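Input: a single structure, listed below in structure tokens.
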Amino acid sequence: MHQAIDSALDELATSVVDAIFNVHKALGPGLLESAYQTCLCIELRKRGIPFVAQEPVAIRYRGETVDAALRLDLSVDDRLIVEIKSVERLVPVHEAQLLTYLKLASKRLGLLVNFNVALIKQGIKRIVL
């Protein structure tokens, strides 16, 4: 049985979603993922929200460590993963990817964000491990 997400983590996610809305409102759809990531980093920094962009995560495989096996688009306050996409539509493998990242990075909550939508609320999925 999973515990509910604590209120502090929920508030953090709400703040990040608000930042995502601001970036999408300013830029609209159609840009590369890297442009949205860079602008979201600016937005988070201006809000005083700690994050690491492209954080490398090592994994353990068969008793050995594989350094930088994956890179998180954004690790926010070392508690929340934001996976950024700019695709025609999200597909199940995108959710599976974020679930894998959550598991390997030992995090509970992630936001899967597709900026390539007319209304950003249709492009945000909250994923809980």
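Put +1 on the Cβ of each Lys and Arg and -1 on the Cβ of each Asp and Glu in region 7-128; which of Ala19, Pro92, Ala8 then has its Cα farthest toward the positive end of the dipole?
Pro92
If you restrict to DSSP beta bridges whose two residues both lie in the chain, what percentage is antiparallel, to the nearest 5?
Numbers: 17 of 23 bridges.
Given both bridge residues lie in the chain, the antiparallel proportion sits at roughly 75 percent.
Let me know the charge dipole size of region 10-108 about its Cα centre in debye, to the nearest 20, where only the beta-carbon of Lys, Arg (+1) and Asp, Glu (-1) is charged. Provide the component values of the computation, followed by the final result.
On the way: 13 positive and 14 negative charges, 12 e Å.
Value, rounded to 20: 60 debye.
Of all trypsin sites (Lys or Arg not before Pro) in region 32-72, which ones are in loop regions per DSSP and have a Cβ with at most 16 other Cβ atoms within 10 Å?
Sites meeting the loop and neighbour criteria: Arg47, Arg62.
For Cα Rg over 2.2 N^0.38 Å, one of (i) 1.04; (ii) 1.72; (iii) 0.97 was computed from the structure I shared and the rest are decoys. Which label?
So the structure-derived entry is (i).
Along the charge dipole of region 7-128, Cβ charges K/R +1 and D/E -1, which of Gly63, Ile120, Leu80 sits furthest on the positive end?
Ile120
Take every Cα pair under 8 Å in the chain that's 6+ residues apart, average their separations, divide by the length, and report that relative contact order as a whole percent.
Values: 202 pairs, mean separation 29.0, N = 129.
Relative contact order, the chain: 22 percent.
Any idea what angle helix 92-105 forms with the longest principal axis of the chain, computed on alpha-carbon atoms, 0 to 90 degrees, nearest 10?
Between helix and principal axis, roughly 50 degrees.
Tell me which aspartates and glutamates have Cα within less than 13 Å of Lys125's Cα, excluding those fewer than 8 residues away on the same chain?
Straight-line reach from Lys125, under 13 Å: Glu83, Glu95.
A short reminder: the numbers here are calculations on the coordinates, not readings from a lab. Quantities reported herein were computed from a predicted structural model and do not represent experimental measurements. We place every Cβ from the backbone using ideal geometry, glycine too, and count neighbours over all the protein chains shown.
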